[in-house]
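The values are calculated or read from the model by the stated rules, or taken from the named source; none is laboratory data. Worth saying up front: this structure is predicted, and the values here are computed from it rather than measured. Ideal geometry is used to build each Cβ from the backbone, glycine not excepted, and the neighbour counts take in all protein chains shown.
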Amino acid sequence: MKGKIDVEVRLNINAFTQEKRVSMFAKVKVLNSAFDGTSYGEIEVKPKHEISFSTANYLAMATGKKFDLRAKCPMVVLTNREAEFIKGVRTDGTEYYAVLVNLAEKDKEPMMRMFYLKYMDAKSVKEFGSLYEFTTDTRDIEALDTPEITEE
């Protein structure tokens with residue numbers, strides 16, 4: 001099923017070398033009334049492939065946001081990104097849940113990233129439900145992840 005999702009893009013800056021490392025988390029909302037109004041009803045799902053700092057910086061600028069490098073954990077939230085909520089079966093027969101997210105703005109060149117739910121996260125979605133239904137998909141989803149564009 002298609003829907004919208006928020007993605008947090010966080011910077012980890014090494015205090016000594018000032019090297020910047022990027023980590024992303026798609027925020028999947030779980031439907032559990034006990035968590036209404038809190039962030040506990042959200043699952044943070046990591047992508048299979050992280051993005052580079054230059055790509056994170058581009059995404060921030062494209063949305064009119066910037067990283068506050070003075071913050072303890074500089075972060076930008078990409079809101080309402082187009083996403084597909086996918087349920088599938090691996091070649092070994094095990095089931096997986098994943099979210100395919102277009103990180104780019106709607107009218108820009110697609111920048112796709114696949115976020116796979118861990119076992120307990122998928123179990124939470126199965127047991128409590130989520131904002132969007134995970135639907136069965138038979139495509140080769142590994143091929144849908146957009147590679148990082150690099151220039152040499």
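Side notes on the structure shown:
- Residue in the stretch 130-142 that is among the basic types (Lys, Arg), assigned to a loop (DSSP other than H, G, I, E, B) and either over 16 Å from the mean Cα position of the chain (by Cα) or surrounded by 14 or more Cβ atoms within 10 Å (Cβ to Cβ) (or both) present: yes
- Of the criteria (1) assigned to a strand (DSSP E or B); (2) within 17 Å of the chain's Cα centre (by Cα); (3) among the small types (Gly, Ala, Ser), which one GLY88 fails: (2)
- Residues of the stretch 129-152 that are in contact with a helix residue (DSSP H, G or I) (Cβ under 9 Å, 6 or more places away or on another chain) and at pLDDT 70 or above: SER130, PHE134.
- Selection from the stretch 83-94 of residues that are surrounded by 12 or more Cβ atoms within 10 Å (Cβ to Cβ) and charged (D, E, K, R): GLU84, LYS87
- Failed criterion for ALA71 (all others in (1) aliphatic (A, V, I, L, M); (2) more than 25 Å from ASP137 (Cβ to Cβ); (3) touching a helix residue (DSSP H, G or I) at 6+ places or on another chain (Cβ under 7 Å) hold): (3)
- Restricting attention to the stretch 44-73, the residues that are more than 25 Å from LYS2 (Cβ to Cβ) and under 17 Å from the mean Cα position of the chain (by Cα) total 3.
- Within the option set LEU78, LEU11, LEU59, LEU69, being over 18 Å from LYS118 (Cα atoms), aliphatic (A, V, I, L, M) and assigned to a loop (DSSP other than H, G, I, E, B) holds for one residue only, LEU69.
- For beta carbons closer than 8 Å, sequence separation of 6+ or different chains, a first residue in the stretch 66-78 that is more than 18 Å from THR55 (Cβ to Cβ) and a second that is surrounded by fewer than 18 Cβ atoms within 10 Å (Cβ to Cβ) and not hydroxyl-bearing (Ser, Thr, Tyr), the qualifying pairs are CYS73/ARG10; CYS73/ASN12.
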